[in-house]
1. Go through segment 415-425 and report how many residues are in contact with a helix residue (DSSP H, G or I) (Cβ under 9 Å, 6 or more places away or on another chain) and open to solvent by 60 Å² or more (accessible area, probe 1.4 Å).
2. So which residues in segment 35-77 are under 30 Å from E621 (Cβ atoms) and at pLDDT 85 or above?
3. Would you point out which residue out of P562, P471 is out of contact with any Leu (no Cβ under 8 Å at 6 or more places or on another chain) and surrounded by 16 or more Cβ atoms within 10 Å (Cβ to Cβ)?
4. Of the residues V91, V98, which single one is under 27 Å from D560 (Cα atoms) and touching a Ser or Thr at 6+ places or on another chain (Cβ under 8 Å)?
5. Those residues that are outside any helix (DSSP H, G or I) and open to solvent by less than 20 Å² (accessible area, probe 1.4 Å), I need them from segment 441-463; list them, please.
6. State yes or no: is F576 at pLDDT below 90, farther than 17 Å from L501 by Cα, of a type outside the set (D, E) and in contact with a helix residue (DSSP H, G or I) (Cβ under 9 Å, 6 or more places away or on another chain)?
7. Using the structure shown, decide if R651 is open to solvent by 50 Å² or more (accessible area, probe 1.4 Å), basic (K, R) and not in a strand (DSSP E or B).
8. Whether any residue in segment 190-207 is over 42 Å from the mean Cα position of the chain (by Cα) and open to solvent by less than 40 Å² (accessible area, probe 1.4 Å) is what I want to check.
Amino acid sequence: MQAVFDMQPFRPAVNLSNPTITNISFTLYAVLGVNEKAQLLTTFLWLRLFWRNEYLVWEPEECDGVARISLPVKELWSPDIIVYEFVDDDVSQACPYVYVNHTGRIRWDRMLRLVSACNLEIFSFPFDVQNCTFTFGSYMHTIRDVRVSPALTFREMSDNSKQYLEASGEWELVNILGETSILKFGVDEWDIITFWVVIRRRPVLYVVNLLIPSSFLMLIDILSFYLPPHSVDRASFKMTLILGYTVFLLIMNDLLPSTANGTPLIGIYFSVCLALMVISLLETVIITNVLHHSSMKYQEVPNWVRIVVLKYIATMICYQWPEGVSPTLKTREDKPESSNGSTGAWVIQPVSQAADRHRTYSGDTVSLPELQLICQYLKDLHAHLLSVQKESELLDQWCHVGYVLDFLLFRIYLLLISCYAMVIITMWCIWISCVAALNCTNPSPESMFKELDDQLFRKNLIPPVASFSEPLNVTISLTVVGILGVDEKVQTMTTFLWQVLEWKIAGLSWDEQECGTERVSVLREKLWVPDVHISEFMDEDKSPQTPYVYLNNTGHVYDDKPIRVVSSCKLEIYNFPFDIQSCSLTFGSYLHFASEIRMLPGMTGKKIMSESKRVLEMNGEWELSDIKVVPSELELEAGSYSVVQVQLILRRRPIVYVVNLLVPSCFLVTVDLISFLLPPQSVDRASFKMTLILGYTVFLLIMNDLLPVTGDRTPLINVFFSISLALMVASLLETVFITNIQFSSSQYNAVPHWLSVLVLRYLAVVVCMSPKKSNRVTVCLNPSYKDSTANTNSVTISGNQGILKEPHPVKAPTSPAAPPEPALEELKKLTIHLTAIRLQVDKHFQGSKTAEEWQMIGIVIDRLLFYLYIVFIIASFITITGIWIWNNTYAA
């Protein structure tokens, strides 16, 4: 048995030209996790390997009937079977023993915690089905030395895995398929078995925690259309709903899968839902503007609007008119007439003028002044009532226009949501269903091992060179298998490489016919191996270990092994998420100077790039753009070191950050821009903007953890967010300023002449505002008439409340000889009361000219600042976008 153990470094074949056949089977015991961002699948396998050791053969009858024994696996040669998609260290429990039967057949059962690269397609999340490959094969031995084949049928492996797989997790096994094939890489071929493990996600958790709450919020948004926009601040309600939905998305963002090769359909679903909410808010702003802004100007509804909206659109959407309201809503053609037969402002004339004008009676009969004054006041009051009725009719017309448009847009909104929901549900349903010359005495492994042990293995403590004055040429080649991640905070890059080192052992050669083989695989620890390391290495190598190297009959050594590299890299994230990173991997000897070991590149950068793209398994956040290889020398005080610098050019896939960061931010800025359409005199625009700023601040605070952190320069995306927040604050200050002018104008002094000319004459033209004609009928009291009637009546109005005090008895200008008549006294009292009512009505409808002028100045300034706000937003966005494009072009 010890003789067999001594042969452990060699493949156990009597004739080395015959390959060792390895049978492989496994049982999928658990799916531990899926990392969509890093494109990794973590599973736990029960792996079983069979192969034959031709030196371990005995007759059970000669050994007391013992037909099977267990031996330490480290004392026997074992095939270097690995999973090609392996990207992390195996931390499973070791199984140190194997079973060997009397025919030499060895069975090795081991547990394997497999972290493998997998091209995960999560577009249909959470109803996705993943198909990941496990490629088993020898890492070093080619098809001439090791052949692999399945120990069980693929159907049996699938059934066994379904029987033992823990069914309480997130994933369930659908099927295991496989095939055997040959992997061609360069001039060599490897025998491999490819297994396709098909797993399906259980979606109940995500439906309950993501889809149902989102549907509830969308339902609330739909039902909010039933809030009357004329009497309820629907815009603030919807803004609060959008704020809540945004916070919901930010909190749920950690539950959503993140990948850079495409956005999941559920992410598109959430983005469209948010966009629909913004559209419904825009619709509410427009309707509020129609109901409040246009009606306050007392403009008549244009004829084309009346025909298109109130007639055709109302009929199309089956709008139900209130009882007694005509669908055409024609305006009144009659206009109030004043006492002097004119229209427009009403002026009360003095008594003398009124008496002279009304003396049209025949004979000696003269109308009493009190009666004439009563008639004049009654006509003025009638004109006021007609004016009020006219305003009410205009208000009703605009209300019906707003309601009809609201009903139309609501039905369009329902149609969009219904179509979108049907498309999403249909797609998800489809996916658910879917050193000296060797003189060998004979061509046998025993003779080969004896010669190597005598001439080579015992000299593995010194470099294999003919003279120490000559450097050893070490050729390095590599293939990038996966880009596992980039950590901007600690400035590191994690990659998975296939590293190939080649060097020549001086003076070593053998005859192929004499020794029976052209090349042989030996343990790496039996040879002198150059101490090639990566200068930027920052962490322990957790890659699977491959113990063998190939030794050719010319003395050429071929050392191929996988390495997981965590290297330092100076990351420039100013252009995040459109950044391009350039990271270097410097390969060289750690101890030996350039005079002892010379590093040479075995492949050009273009060749490495081609091979890497062919085998690259991962489709995560980063894509490999280019590779450059530069041999150089590192000059230090101790001496000069020969190195090969490999420069990896990486480009970030930005779609995840665009969807999760830039699009929501642009939505909120758009909402802030549209909020300028809200009339400040009838809607609390300041509260609306304050709610928007609060939502945007919460958005920035939660997204702060997703943004990269570096001490060099602030990323441009952070500047973008800061400018957006500053613009929102500026728009809030503008709203506060305009609101102060609109509502506190009655406390101001008269508008300065220069300000009136500057704003109302020049700036109004700049912002394309023309003075609007008013349909309001205003009644003004002639000041001279107040003085002339002071002797006939006395009515006191206290302050702004219009409190009527008892009239003082005043003698009417009548003839001293005429006795007082009761009817005349009643007419005088009626005149006094009518005068008081007349003053109150005039004061109520006339208003303050100064306040009106200040309000008009506020409207013009509001429009001007709105235009400046738009210009600044466009300029800022164009500048930031230009910087992003220019920096990417420069980096490329």
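1. Residues in segment 415-425 being in contact with a helix residue (DSSP H, G or I) (Cβ under 9 Å, 6 or more places away or on another chain) and open to solvent by 60 Å² or more (accessible area, probe 1.4 Å): 1 in total.
2. L40, L41, T42, T43, F44, L45
3. One residue alone meets the criteria, P471.
4. Answer to the check: V98.
5. L456
6. yes
7. no
8. Scanning segment 190-207 turns up at least one residue that is over 42 Å from the mean Cα position of the chain (by Cα) and open to solvent by less than 40 Å² (accessible area, probe 1.4 Å).
The values are calculated or read from the model by the stated rules, or taken from the named source; none is laboratory data. This structure is a prediction, so every number in the text was calculated from the model and none was measured. Cβ atoms come from the backbone with ideal geometry, glycine included; neighbour counts cover every protein chain shown. Surface accessibility is based on the protein's heavy atoms, side chains included, excluding ligands, DNA and RNA. Shrake-Rupley method; radii C 1.70, N 1.55, O 1.52, S 1.80 Å.
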